[in-house]
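Engineer: I'd like to ask you about the structure that follows.
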Amino acid sequence: MNAKKIKRTLALTPEELSLEKEIGAGEWTEAPTSLKREIIANLQESVAKRNREARVNIRMTPETLELIQKMAAKEGIGYQTLMGSVLHKYAHGLFIGIEDVKKVVTSLNLKKASSK
């Protein structure tokens, strides 16, 4: 092993220092290739499960897409992110449509007018 002095930028824990000493003394051997492959496969599977997103293809008019892209740009996000957010809110019953907003505003205005 070609020993080089490496400048430490992080403080090692006692356990890490012990491992570093053992590795330097040659007390550890390289894992067999089959084990390395198994570890890599397990890591890849774990990452894939954690970052799983379904792909969806939808059809819409070019005008609708353009409007969505403009709205997303105004919000500073990607149009696919905006579409995903809207669909997520709708699916979870959290989407508030313009008609719902109008009802609330009207109700508030009526309450304000009746309190005068």
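The values are calculated or read from the model by the stated rules, or taken from the named source; none is laboratory data. Fair warning: this is a prediction, and the values are worked out from it, not measured in the lab. With ideal geometry, Cβ positions are generated from the backbone for all residues, glycine too; neighbour counts draw on all protein chains shown.
Engineer: In region 28-55, what residues are of a type outside the set (Asp, Glu) and under 26 Å from GLN80 (Cα atoms)?
Structural biologist: Residues satisfying the conditions are GLN44, SER46, VAL47, ALA48, LYS49, ARG50, ASN51, ARG52, ALA54, ARG55.
Engineer: Could I ask something else about it? Could you list, in sequence order, all residues of region 92-116 that are surrounded by 10 or more Cβ atoms within 10 Å (Cβ to Cβ), in a helix (DSSP H, G or I) and not charged (D, E, K, R)?
Structural biologist: Across region 92-116, the qualifying residues are VAL101, VAL104, VAL105, THR106, SER107, LEU108, ASN109, LEU110.
Engineer: Taking region 78-91 only, how many residues are outside any helix (DSSP H, G or I) and either surrounded by 13 or more Cβ atoms within 10 Å (Cβ to Cβ) or among the charged types (D, E, K, R) (or both)?
Structural biologist: 0
Engineer: Continuing with the same structure: Is it true that MET71 is among the hydrophobic types (A, V, I, L, M, F, W, C), assigned to a loop (DSSP other than H, G, I, E, B) and at pLDDT 90 or above? Reasoning before the result, please.
Structural biologist: Working: among the hydrophobic types (A, V, I, L, M, F, W, C): yes; assigned to a loop (DSSP other than H, G, I, E, B): no; at pLDDT 90 or above: yes.
Taking the combined requirement at face value, the residue does not satisfy it.
Engineer: Between a residue in region 7-27 that is touching a residue at least 40 places away in the same chain (Cβ under 8 Å) and any residue that is assigned to a helix (DSSP H, G or I), which pairs come within a Cβ distance under 9 Å, given they are 6 or more apart or on different chains?
Structural biologist: Listed pairs, sorted by first residue: none to list.
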